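One structure below.
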Amino acid sequence: MRITQTIVSIGLMLIASSATWMYAQQQRTSDMLSVEDYLEIQQLYYLYAKDVDPGSEWSAAWMYTDDGSFSSGGDPVVGMEALQEFYEGVRQRHQSGIRHFNGTVTIVPTAEGASGSGYMLQIERRQEAGPIEITLFGTYTDKLVKTPTGWRIKDRQFRADTWRGDSSGE
């Protein structure tokens, strides 16, 4: 009798577990991103930091859509030709001694694709024997879309942080 109760209990637990798993699978909606989507978008953030640094073979413009835009407070840079020119200028100004780091990446599905954000930290050594200094830090806020060639940035806004207590840097 005890063996029968044990077998029935185990059977009921398996049925309940299977039913829960099947229900959870049905709750997935088409607007969710796949694991591959998340990984590809994260790669954009990390490759961006690398491709704006000295020594990269690539301009960060490849990460944008043809009509993509970048803004950091001034006039936005819009369109692939303007983005290529802008990022080539960044590469020329940053010959050596500077590195960018992106982190704390957050990705959220949207009707158009995804929105993303991440922190950016720029460090520099400005003199040969000088200290390494943090010279810029802030937040990227992005609109991302999936294209036939993969995920790309449609719109990127960079907002530099100021100083603790500055009410304009909310």
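Descending by average beta-carbon neighbour count within 10 Å, the peptides 105-116, 71-82 line up as 105-116, 71-82, the highest first. Compute the Cα gyration tensor for the stretch 96-170, then decide on rounded, prolate or oblate, letting a ≥ b ≥ c be the square roots of its eigenvalues: rounded whenever a/c is under 1.5, prolate when a/b is larger than b/c in the other cases, and oblate in all that remain. Oblate, because a/c is 1.5 or more while a/b does not exceed b/c.
Taking every protein chain into account, the accessible area of the stretch 28-127 amounts to 59 square angstrom per residue (probe 1.4 Å).
Classify the stretch 73-114: rounded, prolate or oblate, from the alpha-carbon gyration tensor (a ≥ b ≥ c, eigenvalue square roots; a/c under 1.5 rounded; otherwise prolate if a/b is larger than b/c)? It is oblate, given that a/c is not under 1.5 and a/b is not larger than b/c. Spacing of the modelled spin labels on Leu121 and Thr4, each 7 Å from Cα toward Cβ, amounts to 6.6 nm. Charge tally around Gly79: other residues with Cβ under 11 Å, Lys/Arg +1 each, Asp/Glu -1 each, net -4. Given R0 = 30 Å, the distance between the Cβ atoms of Val145 and Gln95 translates into a calculated FRET efficiency of 0.35.
Mean sequence separation of contacting Cα pairs (under 8 Å, at least six apart), scaled by the length of the stretch 48-121, corresponds to a relative contact order of 29 percent.
The simple Förster model, with R0 at 45 Å and r as the Cβ-Cβ distance, assigns Leu136 and Ile15 a FRET efficiency of 0.20.
The values are calculated or read from the model by the stated rules, or taken from the named source; none is laboratory data. All figures in this text were calculated on a predicted structure; none of them were measured in a lab. In this analysis, Cβ positions are derived from the backbone assuming ideal geometry, glycine residues included, and neighbour counts consider all displayed protein chains. The protein model used for the area step is the full one, side chains on, heavy atoms only, and it has no ligands, DNA or RNA in it. Shrake-Rupley method; radii C 1.70, N 1.55, O 1.52, S 1.80 Å.
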